[in-house]
Structures are given as structure tokens and as C-alpha cells.
1. Report, by residue number, each residue of the stretch 117-129 that is closer than 20 Å to residue 206 by Cβ and touching a helix residue (DSSP H, G or I) at 6+ places or on another chain (Cβ under 6 Å).
2. Given the structure, is residue 176 in a strand (DSSP E or B), touching a residue at least 12 places away in the same chain (Cβ under 8 Å) and farther than 21 Å from residue 89 by Cβ?
3. Here are 172, 195: which of them is within 23 Å of residue 108 (Cβ to Cβ) and in the same structural domain as residue 85 (by TED's automatic domain parsing)?
4. Let me spell it out: the conditions are (1) over 18 Å from residue 120 (Cβ atoms); (2) without any contact (Cβ under 8 Å) to a residue 40 or more places away in the chain, and residue 201 meets all of them except one. Which number is the exception?
5. Checking residue 197 against (1) at pLDDT 95 or above; (2) under 22 Å from the mean Cα position of the chain (by Cα), which single condition isn't satisfied?
6. Taking residue 151, is it at pLDDT 95 or above and part of a strand (DSSP E or B)?
């Protein structure tokens, strides 16, 4: 009898695909009550969610693919979907004229943006004294402009061929280097460009980089 009750319970849970909370206090058979209680505990246990590697750009069937270029979506529309660039975006939102450029779908020429990841910015703020830019709007603007190239959307294949790229900051340029052995692209000899994932919008393309670019380099 106990086995039959257990089998019926398992079939009910599987068919409904639900995880209800059961009260086993009224079951008189101690062995069955314990078995059902153990089953319920195991069913209700789920592994803890990991936030160490956020996965942006999750695309479900029937929804828009936000990793694809859009006819009407700007960089400001798309960048918030990349959780690894949230700190960079927070800084960007403090400078109104940069916000206008990123939100303008008619921006001409389009932009190529090199956006430091959250971990890169954390290292910069904690180890390199970078917090000073957060207290000075002019320095914040210079910081952002040094990571933006108003030269059109430069694809990876073209970036590998370049030796430099002009930024928005008073004609300052970034040095570009491509290692043919490792296939890595580095800016100013140390910031590695992520070639696998980028955000492409109507008014530009943004690449993740693993280090902050500074004028002293």
C-alpha cells in the first residue's frame, strides 16, 4: 500500500510539473511518511544561482534578437543589456553630451567604442587611483572620449590591420597592435579587445576591453 501511494504521488508531480508543498503529518506509516518527506525535500532543493558570470543577450524564441544590428536601436538602447558593462554605462550617464551622442540614431560618423568591463573598472578604481575621475565632470568626459573613436563602425578584421585609431579626445589616438600568433588585439599595448562579443547598433559598435585606457600610457 505504501509503495502504491508513493508511486501515485510521483506520477502526480511529474504530470503537473509542479512542486507543491505537502503535509505528511497525517500519514500513519512512519516509513512512508519519511520517504515522502525526503522526496519533497529533494524536489524543493535547487542549486544556488551564480552571479559570477552574468549572461547578457539571452534570446528566447519569439523575442527580438538584441545581439543583431538594429535599424532603429542606438548604442544607448543596447548597451544596458550587457551586464558586464554596467559600470561603464553608469559613468557615461553622468555626461549629458555623451549620452546624446550614444542615443542619436543619426550619429554620423558612427562610433567605435572600447568599453572597459566592470572588473577592469574595479581594478582601475581600487588599484590605480581612478576614482578621481568620478569627482570631476571634465575628467569624466575626457575619460569617456578617450574610449570612443568617431571613425565609423570598425570591424574586427579592419581593427587587426590598423596601427592606431583616432579618439574623440582632442585628436588623441590609441595604439592598436595585433599578435599574429595569439590573434589578440591590444590597445596601448595592454587592453585586450574581446573579439567574440560586441554590441552593434545603428550608430556604432562597442567592444569590451579588459583594462582601462589612460592618457599617461
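1. Scanning the stretch 117-129 gives 117, 118, 121, 124.
2. Values: in a strand (DSSP E or B): yes; touching a residue at least 12 places away in the same chain (Cβ under 8 Å): yes; farther than 21 Å from residue 89 by Cβ: yes.
Yes.
3. Details: 195 fails: within 23 Å of residue 108 (Cβ to Cβ).
Going through 172, 195 in turn, the sole match is 172.
4. (2)
5. (1)
6. no
Each row is one residue, and each column tells you yes or no for (1) part of a helix (DSSP H, G or I); (2) touching a strand residue (DSSP E or B) at 6+ places or on another chain (Cβ under 7 Å); (3) crowded, with 18+ Cβ neighbours inside 10 Å.
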residue: 86; (1), (2), (3): yes, no, no
residue: 90; (1), (2), (3): yes, no, no
residue: 102; (1), (2), (3): yes, no, yes
residue: 105; (1), (2), (3): no, no, no
residue: 126; (1), (2), (3): yes, no, no
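Table: residues versus (1) over 19 Å from residue 100 (Cβ atoms); (2) at pLDDT below 95; (3) surrounded by fewer than 19 Cβ atoms within 10 Å (Cβ to Cβ); (4) touching a helix residue (DSSP H, G or I) at 6+ places or on another chain (Cβ under 6 Å).
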| residue | (1), (2), (3), (4) |
| --- | --- |
| 143 | no, no, no, yes |
| 162 | yes, no, yes, no |
| 181 | yes, no, yes, no |
| 187 | yes, no, no, no |
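The values are calculated or read from the model by the stated rules, or taken from the named source; none is laboratory data. Everything quoted here is computed from the prediction, not taken from an experiment. FYI the Cβ positions are ideal-geometry reconstructions off the backbone, even for glycines, and counts take in every protein chain you see.
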